[in-house]
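Undergrad: This is the structure I have questions about; it appears just below.
The values are calculated or read from the model by the stated rules, or taken from the named source; none is laboratory data. In this text, all values refer to a predicted model and were calculated from it rather than measured experimentally. Cβ coordinates were reconstructed from backbone atoms using ideal geometry, including for glycine residues, and neighbour counts include every protein chain displayed.
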Amino acid sequence: MRIRVLGSAAGGGFPQWNCNSPRCVEARSGRLVGERRTQSSIALSGDDRHWLLVNASPDIRQQIIDNPPLYPRGAIRSSGIAAVLLVDSQVDHVTGLIMLRESREPLPVYCSPRVEEDLRTGFPLLEMLRHYCGTQVRPLPLDGRSVEPAETPGVRVTPVPLTSKPPPYSPHRDDPKPGDNIGLVIDSRDSGRRAFYAPGLGAVEPHLKPWLESADVILVDGTTWTDDEMERVVGGTKTAREMGHLPLTGAGGMLEILDAYPGARRILIHINNTNPVLDPDSAERARLRELGIEVAHDGMEIEL
């Protein structure tokens, strides 16, 4: 089983198109050019030919260009992407579906019933795609059952509900329910190894701990270093926790949580452009190295 990181940044990417913070300026023209990142997405494959795209980032076109395993194969119109799975209906995780509209076959889309409802009402991408390639929506269970997509042999995932609000456009914005946001437990049949993936993690609730304890790889939310980072750096009005993300530091932060799982390979993904860990020479990145925690980058490959 292979996990390929297509995009490792939070919404807006790094650098963000309208951000003139010092870190974004350096990512455009200075010493952080090599740290540029597209918006969060991974792909899974059990045979290196058929890939399950997990989240369709607005940057999907560039991500396909940068990842040869996703190139067309065989037929004139074809793709290494065999199916799509959505962990939520956030704009930075679903907008890329529009770029896949030229598929010759209806796109298999795995998502929770709550996400499907959002994508048929508040942001009706699924309805729009009916006029192009169409979709075949496959509902994800939220009761601990695993899913083995027929389109991607050897891939097995277990959806795990996470506490989170639906997106601002959702009719259910103020009425969060299970299925608005999920994490994935990714199992390799061949090796017996397991990964836990959650790019949007606002709280580690008791039902998540057994999954984390059994994981060989933990690939989780690293959006901000501090809870008040957005306000301090770019004048934001919400804390990381208010946006549904655990900050890395502070009481109950992600670093404290990851400290309980030293035997796993621990990797941070969904990194916001304000986060100092994007600078490899920063004190914050040095602290992560001391703790044995990695920062995901576009093109990173993880073998289970």
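Undergrad: Among the residues of region 59-69, write down those that are surrounded by fewer than 22 Cβ atoms within 10 Å (Cβ to Cβ) and in contact (Cβ under 8 Å) with a residue 40 or more places away in the chain.
TA: Result: D66, N67, P69.
Undergrad: Do you know which of the residues in region 81-117 that are in a loop (DSSP other than H, G, I, E, B) and within 14 Å of the chain's Cα centre (by Cα) is surrounded by the most Cβ atoms within 10 Å (Cβ to Cβ)?
TA: Across region 81-117, the extreme among qualifying residues is V87.
Undergrad: Any residue in region 286-302 that's farther than 30 Å from W51 by Cβ and without any contact (Cβ under 8 Å) to a residue 12 or more places away in the chain: show its pairings with residues that are of a type in the set (S, T, Y) and not in a helix (DSSP H, G or I) at Cβ separation under 8 Å, as long as the two are six or more apart or on different chains.
TA: Close Cβ pairs (under 8 Å, with a partner that is of a type in the set (S, T, Y) and not in a helix (DSSP H, G or I)) do not exist here.
Undergrad: Here are some residues: A251, A240, A203. Which one is under 30 Å from E117 (Cα atoms), among the small types (G, A, S) and surrounded by fewer than 19 Cβ atoms within 10 Å (Cβ to Cβ)?
TA: That would be A203, the only listed residue that is under 30 Å from E117 (Cα atoms), among the small types (G, A, S) and surrounded by fewer than 19 Cβ atoms within 10 Å (Cβ to Cβ).
Undergrad: Check whether at least one residue in region 253-267 is of a type outside the set (S, T, Y), outside any helix (DSSP H, G or I), in contact (Cβ under 8 Å) with a residue 60 or more places away in the chain and within 21 Å of E303 (Cβ to Cβ), and report yes or no.
TA: No, because not a single residue in region 253-267 is of a type outside the set (S, T, Y), outside any helix (DSSP H, G or I), in contact (Cβ under 8 Å) with a residue 60 or more places away in the chain and within 21 Å of E303 (Cβ to Cβ).
Undergrad: I'd like the full set of residues that are among the hydrophobic types (A, V, I, L, M, F, W, C) and under 22 Å from the mean Cα position of the chain (by Cα), limited to region 118-128.
TA: L119, F123, L125, L126
Undergrad: Name the single residue that is farthest from T239 (Cα to Cα) among those in region 160-176 being surrounded by fewer than 24 Cβ atoms within 10 Å (Cβ to Cβ) and touching a strand residue (DSSP E or B) at 6+ places or on another chain (Cβ under 9 Å).
TA: V160
Undergrad: Go through (1) touching a His at 6+ places or on another chain (Cβ under 9 Å); (2) farther than 26 Å from D190 by Cβ; (3) of a type in the set (V, I, T) and name the single condition T135 misses.
TA: (1)
Undergrad: For region 1-80, which strands (runs of 3 or more DSSP E) that fit wholly inside it have 1 or more residues that are hydroxyl-bearing (S, T, Y)?
TA: Where strands (runs of 3 or more DSSP E) fall fully within region 1-80 and carry at least 1 residues being hydroxyl-bearing (S, T, Y), they are 41-45.
Undergrad: Follow-up question, since we're still on this one. Can you name every residue in region 129-144 that is without any contact (Cβ under 8 Å) to a residue 40 or more places away in the chain and either assigned to a loop (DSSP other than H, G, I, E, B) or more than 20 Å from A82 (Cα to Cα) (or both)?
TA: R130, H131, Y132, C133, G134, P141, D143, G144
Undergrad: Which pairs have Cβ atoms under 9 Å, sit 6 or more apart or on different chains, and link a residue in region 96-125 that is on the phi > 0 side of the Ramachandran plot to one that is in a loop (DSSP other than H, G, I, E, B) and modelled with pLDDT under 95?
TA: none
Undergrad: Let me ask another. Consider E116 against the criteria (1) within 24 Å of K177 (Cα to Cα); (2) among the charged types (D, E, K, R); (3) out of contact with any strand residue (DSSP E or B) (no Cβ under 8 Å at 6 or more places or on another chain): it satisfies all of them except one. Which criterion is unmet?
TA: It is condition (3) that E116 fails.
Undergrad: If you check N67 against the conditions, is it in contact with a His (Cβ under 7 Å, 6 or more places away or on another chain) and not hydrophobic (A, V, I, L, M, F, W, C)?
TA: No, not satisfied.
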